[in-house]
1. From the list C:166, C:111, C:115, pick out the single residue that is surrounded by fewer than 21 Cβ atoms within 10 Å (Cβ to Cβ), in contact (Cβ under 8 Å) with a residue 60 or more places away in the chain and within 13 Å of chain A (Cβ to nearest Cβ).
2. Of these, C:332, C:346, which one is under 27 Å from residue C:52 (Cα atoms) and at pLDDT below 95?
3. Residue C:188 versus (1) within 30 Å of residue A:218 (Cβ to Cβ); (2) within 11 Å of chain A (Cβ to nearest Cβ): which is the lone unmet condition?
4. Looking only at strands (runs of 3 or more DSSP E) that lie completely in the range C:107-202, which have at least 1 residues being touching a strand residue (DSSP E or B) at 6+ places or on another chain (Cβ under 7 Å), over 30 Å from residue A:210 (Cα atoms) and assigned by TED's automatic domain parsing to the domain that holds residue C:374?
5. May I ask you to list the residues in the range C:329-344 that are touching a strand residue (DSSP E or B) at 6+ places or on another chain (Cβ under 9 Å) and at the interface with another protein chain (Cβ under 10 Å from one of its Cβ atoms)?
6. If you scan the range C:10-48, which residues turn out to be out of contact with any strand residue (DSSP E or B) (no Cβ under 7 Å at 6 or more places or on another chain) and surrounded by fewer than 16 Cβ atoms within 10 Å (Cβ to Cβ)?
7. What number of residues within the range C:254-310 satisfy the criterion of being part of a helix (DSSP H, G or I), over 25 Å from residue A:67 (Cα atoms) and more than 9 Å from chain A (Cβ to nearest Cβ)?
8. For the condition surrounded by fewer than 18 Cβ atoms within 10 Å (Cβ to Cβ) and within 13 Å of another protein chain (Cβ to nearest Cβ), what is the one hit in A:143, A:127, A:97, A:70?
């Protein structure tokens with residue numbers, strides 16, 4: 001991780017906003033901070049630790065042409081902020097709360113979600129969660145969690161939004177109020193869009209299926225089935241129209257998958 | 001030296017055998033009639049640098065070597081086979097076109113008949129749904 | 001447990017010799033390689049460390065006139081008419097005098113690729129196998145590229161970017177398969193530049209992509225850029241829209257269509273954009289997309305390095321951009337090979353085929369040597385890795 005990026009962010013935020021580096025994704029660098037941009041610092045119920053927030057920074061990519069870089073940063077930061085604001089209003093759909101955004105500089109301020117998994121299994125995204133259960137892959141909790149993840153995607157699609165980059169790293173798990181069950185949140189909407197096209201939805205499902213196959217190959221069959229079960233339950237709850245739309249999406253999903261497998265590849 | 005031959009069999013025709021006629025010049029060249037560059041690339045200005053090599057002449061007998069003989073016989077045989085297969089493809093293509101025409105006509109006729117019978121079922125269903 | 005010494009070298013030798021035949025597209029390649037039978041390959045994950053020796057690597061490319069692509073029929077004819085001469089050259093250079101005694105295995109490309117060219121080379125492979133009584137191994141072309149890249153660069157913990165005339169894929173190894181993370185949804189990157197080169201009517205020799213790279217290098221306005229669609233779709237990308245866009249710009253440029261305000265000044269009608277500018281913008285745009293999806297895959301599997309394989313991998317601008325990304329990301333590295341290995345060749349087929357042969361997996365029945373145009377990278381069971 002390059003120190004240069006950290007320095008840039010620290011300078012932008014000024015010393016009065018201390019930050020801690022959390023992760024470097026492909027697109028953005030993620031920091032945590034206890035400072036809220038316009039509310040006073042809050043103590044958590046349990047005591048000492050103040051509430052944390054996320055600062056997501058799309059750093060300039062030196063490898064690409066500055067014109068492309070500027071456009072992408074602005075476009076994606078703006079579109080992610082807009083989407084988060086809209087998605088937050090959808091009942092039962094879990095996305096992080098948007099706090100502030102600076103589209104020209106590529107900053108988004110968000111609610112902090114998730115935690116560190118036990119036994120050094122890393123941050124609680126779906127990918128690490130599944131790896132944590134590698135020795136007990138068909139545990140009831142895995143099944144329930146994947147079903148819930150499927151439901152979240154179902155809700156997103158049912159409301160005619162698409163994620164555009166649905167991988168297991170972009171699904172975060174946070175403990176329920178009871179402290180036992182995991183509640184999935186969808187994050188990283190930089191490539192997301194409002195869309196009622198079955199094609200976009202089919203591609204979303206295909207991308208997630210492939211992400212699971214590539215990192216959790218041995219158990220992917222069941223995992224993907226549980227996801228689809230959860231996904232379908234949302235549509236099925238919407239009566240006849242739901243069932244009909246579900247059929248369309250799943251059919252396109254199968255088509256997209258076949259297209260991938262059958263693509264001619266000339267040396 | 002025994003000559004190479006080829007047999008083609010298919011359920012719809014009697015066996016077809018291809019043999020070498022040693023007196024025909026086409027079995028004595030490495031440049032086949034059907035195995036040259038396609039006319040399309042020649043028209044685009046292609047210079048053919050991928051010709052098959054000429055037959056190798058044995059220094060003592062002053063005749064093509066055995067392998068070169070075989071290569072030339074095969075070139076002629078390949079021409080015969082290619083011509084035969086192209087012809088068969090044409091026949092198959094024409095047949096397919098014909099059946100397609102027949103099918104298309106049948107479909108059209110059916111559609112016309114349906115229209116003459118008046119309204120189709122889908123519409124009726126929708127009407128009922130709308131009335132509800 | 002991976003034991004690459006499962007099969008003894010023939011004739012009591014302490015080394016293996018493999019002949020590789022490649023002809024899936026417009027390049028006909030024949031190569032001969034040698035693996036010494038080492039104790040460390042009997043166990044452990046050492047398939048990228050076979051200390052390969054390249055005894056010969058001969059290639060002949062079927063070149064078409066400017067503005068024309070290569071047709072399957074004529075490409076197959078090229079391969080048919082040259083394959084014997086090229087094999088002879090390769091054997092001579094490798095000092096193989098008695099193939100029956102000196103060669104352990106003949107490896108050929110089973111796919112993916114164009115049917116007719118694949119077929120003509122497979123026939124040559126079968127003939128040699130029967131004539132010399134040497135076993136055969138059919139190789140997946142993409143896996144050939146990957147194995148050659150690994151052996152040459154010794155890259156570990158890497159993501160593979162495979163970019164060529166017919167393929168654009170981001171691949172990572174996991175549980176005995178090279179799994180595809182992202183790929184093009186329509187045309188391949190090399191195909192995209194080949195087709196643009198045809199519109200520009202620039203020569204196809206040594207390769208259309210190389211000539212576009214040179215034009216892009218000569219661009220005088222590198223600070224500016226012509227706006228093109230940027231079409232990354234999650235882990236995948238799409239390029240047909242970009243090609244159509246830049247193609248129409250080039251056509252307007254040739255026609256002198258003054259109505260096009262991107263190309264001509266709206267007041268004076270003066271030409272603002274050159275062919276070089278178009279090539280530069282196209283490269284910058286496409287490569288930025290490639291690097292982005294590669295970085296996504298790296299983040300997903302926690303890899304720090306990238307191995308670039310395939311013909312487009314020899315593009316220095318792509319290597320530079322990828323290198324910059326890797327450096328900014330966890331001080332990683334980019335591994336690439338030069339044109340001897342990244343452009344289609346016989347050696348890479350020999351390398352992947354010999355690994356498979358050494359695991360005891362070779363053709364038992366000639367009916368298993370039928371070539372296939374569609375052969376996904378992840379269909380191959382990679383027995384030679386842990």
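1. C:115
2. C:332
3. Tallying (1) within 30 Å of residue A:218 (Cβ to Cβ); (2) within 11 Å of chain A (Cβ to nearest Cβ), residue C:188 fails exactly one: (1).
4. In the range C:107-202, the matching strands (runs of 3 or more DSSP E) lie at C:136-140.
5. C:329, C:330, C:344
6. C:11, C:12, C:13, C:38, C:39, C:40, C:42, C:43, C:44, C:45 - these are the residues of the range C:10-48 that are out of contact with any strand residue (DSSP E or B) (no Cβ under 7 Å at 6 or more places or on another chain) and surrounded by fewer than 16 Cβ atoms within 10 Å (Cβ to Cβ).
7. Number of matching residues: 2.
8. Only one candidate qualifies: A:70.
The values are calculated or read from the model by the stated rules, or taken from the named source; none is laboratory data. Quick caveat, the model's predicted, so the values are computed rather than measured. Neighbour counts are summed over all protein chains in view; Cβ atoms, including those assigned to glycine, are modelled from backbone coordinates with ideal geometry.
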